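The values are calculated or read from the model by the stated rules, or taken from the named source; none is laboratory data. What you are looking at is a predicted structure, and each value in this text was computed from that prediction instead of being measured. Cβ placement follows ideal geometry from the backbone for every residue including glycine, while neighbour counts extend to all protein chains displayed.
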Amino acid sequence: MTTIRTLRKSALPLACCLALALAASAHAFELKSSAFRHGSEIPQLYTCQGKDISPPLAWSGVPAGTRSLALICEDPDAPIGTWVHWVYYNIPVTLTALPEAMPKTERPAPGGIHGKSSFKDFGYGGPCPPWGTHRYYFRLYALDTSLTLEPGATKKDMLKAIQGHVLGTAELMGTYKKK
């Protein structure tokens, strides 16, 4: 009898934790693109062999308390180390998507500020691997602050500035191999 009561008492907190975890996962911070699925090939349009324009991105489940968003796109498979394709910060929290072909200016029309990529340019620079299939990670950070960085900040600058301010991270990965 004592064993059954003990099991009932311990099962209730476990059931509550499970219910909370399921509710949280239903509203998880997610990053998606209508152009490609996570883990699939990025269409040529968004690469150096196409128009080299940014893909459309959309997100949902932004954590409560988010004041701004920041985005990095990078290729960890580059032969000289991680190659940064996009640095974009102070994205307004009111946005839930970025359109295809974001302007490559310091302060693009939707709001926010562009940093500089490894190409030394503002805005997105598409995949252009010298050989083999590379992975491209788009990471969107939900921040509890706006960053005081000027246009042209690097990935390193941005990552340093967001330390202690990240409420959540959403990730989308696509692949590309030159044709």
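Can you pull out every residue in segment 145-162 that is over 16 Å from the mean Cα position of the chain (by Cα) and farther than 17 Å from Ser117 by Cα?
Selection gives Thr145, Ser146, Leu147, Thr148.
Which residue pairs have Cβ atoms under 8 Å apart, sit 6 or more places apart or on different chains, and have a first residue in segment 32-43 that is surrounded by 12 or more Cβ atoms within 10 Å (Cβ to Cβ) and a second that is of a type in the set (Val, Ile, Thr) and part of a loop (DSSP other than H, G, I, E, B)?
Filtered contacts from segment 32-43: Ala35/Ile42; Phe36/Ile42.
Would a scan of segment 110-124 turn up a residue that is in contact with a Cys (Cβ under 9 Å, 6 or more places away or on another chain), of a type in the set (Phe, Trp, Tyr) and within 22 Å of Leu31 (Cα to Cα)?
Checked segment 110-124: at least one residue is in contact with a Cys (Cβ under 9 Å, 6 or more places away or on another chain), of a type in the set (Phe, Trp, Tyr) and within 22 Å of Leu31 (Cα to Cα).
Which numbered condition in (1) in contact with a Pro (Cβ under 7 Å, 6 or more places away or on another chain); (2) farther than 30 Å from Gly50 by Cα; (3) among the basic types (Lys, Arg) is the only one that Arg135 fails?
Single failed check for Arg135: (2).
Hey, among Ile53, Ile80, Ile4, which residue is at pLDDT below 95 and either surrounded by 15 or more Cβ atoms within 10 Å (Cβ to Cβ) or closer than 27 Å to Gly115 by Cβ (or both)?
Details: Ile53 fails: at pLDDT below 95; Ile4 fails: either surrounded by 15 or more Cβ atoms within 10 Å (Cβ to Cβ) or closer than 27 Å to Gly115 by Cβ (or both).
Step by step, each of Ile53, Ile80, Ile4 is checked, and only Ile80 is at pLDDT below 95 and either surrounded by 15 or more Cβ atoms within 10 Å (Cβ to Cβ) or closer than 27 Å to Gly115 by Cβ (or both).
The rows are residues; the columns are (1) closer than 20 Å to Lys32 by Cβ; (2) in contact with an Asp or Glu (Cβ under 6 Å, 6 or more places away or on another chain).
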| residue | (1), (2) |
| --- | --- |
| Pro79 | no, no |
| Val84 | no, yes |
| Pro110 | yes, no |
| Phe119 | no, no |
| Pro130 | no, no |
| Thr133 | no, no |
| Tyr141 | yes, no |
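Tally up the residues in segment 101-149 that are among the aliphatic types (A, V, I, L, M), in a loop (DSSP other than H, G, I, E, B), touching a Gly at 6+ places or on another chain (Cβ under 8 Å) and in contact (Cβ under 8 Å) with a residue 60 or more places away in the chain, please.
Start the filter on segment 101-149 by keeping residues that are among the aliphatic types (A, V, I, L, M), which leaves 101-102, 109, 113, 140, 142-143, 147, 149.
Among the residues that remain, those that are also in a loop (DSSP other than H, G, I, E, B) are: 101-102, 109, 147, 149.
So of that shortlist, the ones also touching a Gly at 6+ places or on another chain (Cβ under 8 Å) come out as 102, 149.
Add one more test, that the residue is in contact (Cβ under 8 Å) with a residue 60 or more places away in the chain, and what stays is 149.
So the answer is 1.
Looking at segment 147-168, can you tell me whether even one residue there is among the polar types (S, T, N, Q) and crowded, with 17+ Cβ neighbours inside 10 Å?
Looking only at segment 147-168, we keep the residues that are among the polar types (S, T, N, Q), and these are 148, 154, 163.
Now drop any that are not crowded, with 17+ Cβ neighbours inside 10 Å, which leaves none.
No, segment 147-168 contains no residue that is among the polar types (S, T, N, Q) and crowded, with 17+ Cβ neighbours inside 10 Å.
Which of the following residues is under 22 Å from Leu159 (Cβ atoms) and exposed (fewer than 15 other Cβ atoms within 10 Å of the Cβ): Pro108, Pro92?
Numbers: Pro108 fails: exposed (fewer than 15 other Cβ atoms within 10 Å of the Cβ).
Answer to the check: Pro92.
Can you confirm whether Lys116 is at pLDDT 95 or above, under 17 Å from Leu69 (Cα atoms), surrounded by 15 or more Cβ atoms within 10 Å (Cβ to Cβ) and among the basic types (Lys, Arg)? Walk me through it before giving the result.
On the way: at pLDDT 95 or above: yes; under 17 Å from Leu69 (Cα atoms): yes; surrounded by 15 or more Cβ atoms within 10 Å (Cβ to Cβ): yes; among the basic types (Lys, Arg): yes.
Considered against the rule, which asks whether it is at pLDDT 95 or above, under 17 Å from Leu69 (Cα atoms), surrounded by 15 or more Cβ atoms within 10 Å (Cβ to Cβ) and among the basic types (Lys, Arg), Lys116 comes out as yes.
Would segment 60-67 turn up any residue that is among the aliphatic types (A, V, I, L, M), assigned to a loop (DSSP other than H, G, I, E, B) and under 20 Å from Gln163 (Cα atoms)? So that I can check it myself, show each step before the final result.
Let us first name the residues in segment 60-67 that are among the aliphatic types (A, V, I, L, M), namely 62, 64.
If we keep only those that are assigned to a loop (DSSP other than H, G, I, E, B) too, we end up with 62, 64.
Among the residues that remain, those that are also under 20 Å from Gln163 (Cα atoms) are: 62, 64.
The answer is yes; a qualifying residue exists.
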